[in-house]
Amino acid sequence: MRKPLIVGNWKMNNSIAESVDLAEKLKKVIKDMAGVDVVVTPPFTALGSVRNAIKGSIIKLGAQNLFWEDKGAYTGEVSPLMIRDLDCEYVIIGHSERREYFKESDEIVNKKIKAALRNKLKAIVCVGESLKEREENKTMQVIESQIKKGLQGLSLSEAKELIIAYEPVWAIGTGRNATPAQANEVHAYIRKLLSQILNEGIASNIKILYGGSVKPSNSAELMSEKEIDGALVGGASLEAESFAQIVRSACMV
Ligand code: PGA
């Protein structure tokens with residue numbers, strides 16, 4: 001049985017004060033929900049303050065990105081050690097916005113996954129097809145390539161700490177979510193791939209999240225699908241009550 005996981009991706013939003021305010025509100029509304037794991041990923045600048053604000057709650061901390069080396073002359077980058085230093089337990093890797101705007105290739109994603117796992121961070125690896133690829137019936141092909149290249153060379157013990165997020169690019173920030181059946185089909189395919197690449201035992205324990213316009217009005221339905229183990233939430237995670245409602249819907253599965 002995989003415990004549901006709900007991750008809030010705040011993206012490039014919120015000052016430190018706004019982040020702390022949101023974290024404090026979340027701490028109040030998200031409690032007594034032991035049946036679900038909850039993670040927030042504020043921008044780097046607010047990680048330290050949010051860490052302090054969520055102390056004593058069930059909410060865990062994650063980063064939105066990292067660099068693949070532990071330290072050195074890499075101006076402007078943030079290393080896995082620095083993220084660990086801030087008590088992050090999770091890190092998002094290969095988000096479609098990073099693939100698109102920062103040209104992160106599957107090879108870069110692979111290096112980042114290895115860096116995260118080497119440093120005992122749980123890697124939330126994002127995959128997903130564009131609208132054009134879906135319309136051309138290439139969804140499974142794209143997912144297969146992203147997963148195979150992204151996970152290349154991982155040891156089985158490292159791979160246990162992976163989390164996959166299926167995020168169809170056409171559903172991110174558009175208000176247009178994949179139907180539960182569409183998402184479940186891709187999730188089942190990802191799990192089959194994972195059992196081929198790793199093994200069935202490990203694959204059956206890896207959480208596969210859905211992301212792309214998850215909101216209180218559609219989360220329960222998405223979460224009730226067998227292969228959907230939680231959600232990566234963007235826009236709706238910026239407001240405490242809407243994020244809490246999504247967490248609650250996962251709790252009730
Ligand atoms: P959204 O973003 O919920 O605003 O669509 C999801 C994501 O990018 O992770």
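The table below gives the values:
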item	result
Any hit, the range 184-200, residues being under 19 Å from the mean Cα position of the chain (by Cα), charged (D, E, K, R) and within 16 Å of the ligand (Cβ to nearest atom)	no
Residue within the range 7-29 that is in contact with a strand residue (DSSP E or B) (Cβ under 8 Å, 6 or more places away or on another chain), β-branched (Val, Ile, Thr), under 25 Å from residue 166 (Cβ atoms) and within 16 Å of the ligand (Cβ to nearest atom) present	yes
Among the residues listed as 219, 204, 242, the single one being within 14 Å of the ligand (Cβ to nearest atom), assigned to a helix (DSSP H, G or I) and over 16 Å from the mean Cα position of the chain (by Cα)	242
Qualifying positions in the range 152-169 - buried (at least 16 other Cβ atoms within 10 Å of the Cβ) and either assigned to a loop (DSSP other than H, G, I, E, B) or within 16 Å of the ligand (Cβ to nearest atom) (or both)	154, 161, 163, 164, 165, 166, 167, 168, 169
Within the range 222-238, tally of residues that are without any contact (Cβ under 8 Å) to a residue 60 or more places away in the chain and either within 15 Å of the ligand (Cβ to nearest atom) or aliphatic (A, V, I, L, M) (or both)	3
Residues of the range 30-53 satisfying the condition of being more than 16 Å from the ligand (Cβ to nearest atom) and within 23 Å of residue 252 (Cβ to Cβ)	30, 31, 32, 33, 34, 35, 36, 37
Hey, residue 12 under 18 Å from the mean Cα position of the chain (by Cα) and on the phi < 0 side of the Ramachandran plot or not	yes
Only listed residue being under 19 Å from the mean Cα position of the chain (by Cα) and of a type outside the set (Lys, Arg), chosen from 128, 56, 76, 72	128
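Residue-by-condition table, conditions (1) under 13 Å from the mean Cα position of the chain (by Cα); (2) outside any strand (DSSP E or B); (3) of a type outside the set (A, V, I, L, M, F, W, C):
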| residue | (1), (2), (3) |
| --- | --- |
| 1 | no, yes, no |
| 6 | yes, no, no |
| 19 | no, yes, yes |
| 28 | no, yes, yes |
| 67 | no, yes, no |
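Any read-out appearing in this document is the output of simple, stated calculations on the displayed coordinates, not a laboratory observation. Since this is a predicted model, take the numbers as computed values, not measurements. No Cβ is skipped: glycine too gets one built from the backbone with ideal geometry, and neighbour counts run over all protein chains shown.
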